[in-house]
Ligand SMILES: [Ca+2]
Ligand SMILES: [Ca+2]
C-alpha cells in the first residue's frame with residue numbers, strides 16, 4: 001500500500017462476501033479527535049464475535065504479538081470481545097492496557113476512548129501500520145482487512 005497522509009475517517013475497506021456475514025469485514029475507519037473506531041461487517045455485529053484493529057507501531061512484523069497475527073506484529077490492538085461485552089486496548093501477551101467504551105449503532109461497532117499516548121506515541125507525526133481482523137476464539141481468523149499486507153499511514157495528531 002502506498003504511504004499516505006492520515007486522513008481521519010479514511011476507511012480500510014474489504015470485499016463483501018468473503019466470510020460469514022457476522023465476521024465479514026467491509027470497512028474500518030478511525031475518526032479524528034476522540035479516536036473512534038467504526039467497524040462494519042456485512043451482517044450484524046455478532047454477540048459472540050470478536051473484532052480487532054491492530055497497530056504495528058514500530059512497523060516491524062517480527063516484533064509484537066504473533067500467533068494468528070503473524071505477518072503484522074502488532075504492539076497494540078483494540079478488541080471487542082462480544083461474548084464478554086467488553087472492548088479493550090491490549091498489548092503483547094494480551095495484557096489489558098485500558099478498557100474502552102463501545103456501542104453498536106447503525107450497523108457499526110463504535111469503539112472510543114483511546115489515544116495515541118495510550119500506545120506510547122507522542123503528539124509528533126507517527127507512521128504506523130494497521131490491519132483489522134475478525135475472529136472466533138475457537139476457529140481463529142475469519143476475515144481480514146486488508147486481505148494481505150497492512151495499511152501504512154502517517155498520523156498527524158490534532159493540534
Ligand atoms: Ca470482507
Ligand atoms: Ca511490530
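None of the figures in this text is laboratory data; all of them are computed from the coordinates on show. Just so you know, these numbers come straight off a predicted model, no measurement behind them. Quick reminder, even Gly has a Cβ in these numbers, built from the backbone with ideal geometry, and neighbours come from all protein chains shown.
Here are a few things to note about the model shown:
- Residues 152, 22, arranged from fewest to most other Cβ atoms within 10 angstrom of their Cβ, appear as 152, 22.
- Length gained on full extension, residue 31 to residue 118: 29.7 nm, using 0.36 nm per residue less the C-alpha separation.
- Equivalent ellipsoid semi-axes, region 67-159, via Cα gyration tensor eigenvalues times 5, rooted, Å: 21, 18, 14
- Range of Cα positions in the chain per principal axis (Å), largest first: 38, 32, 30
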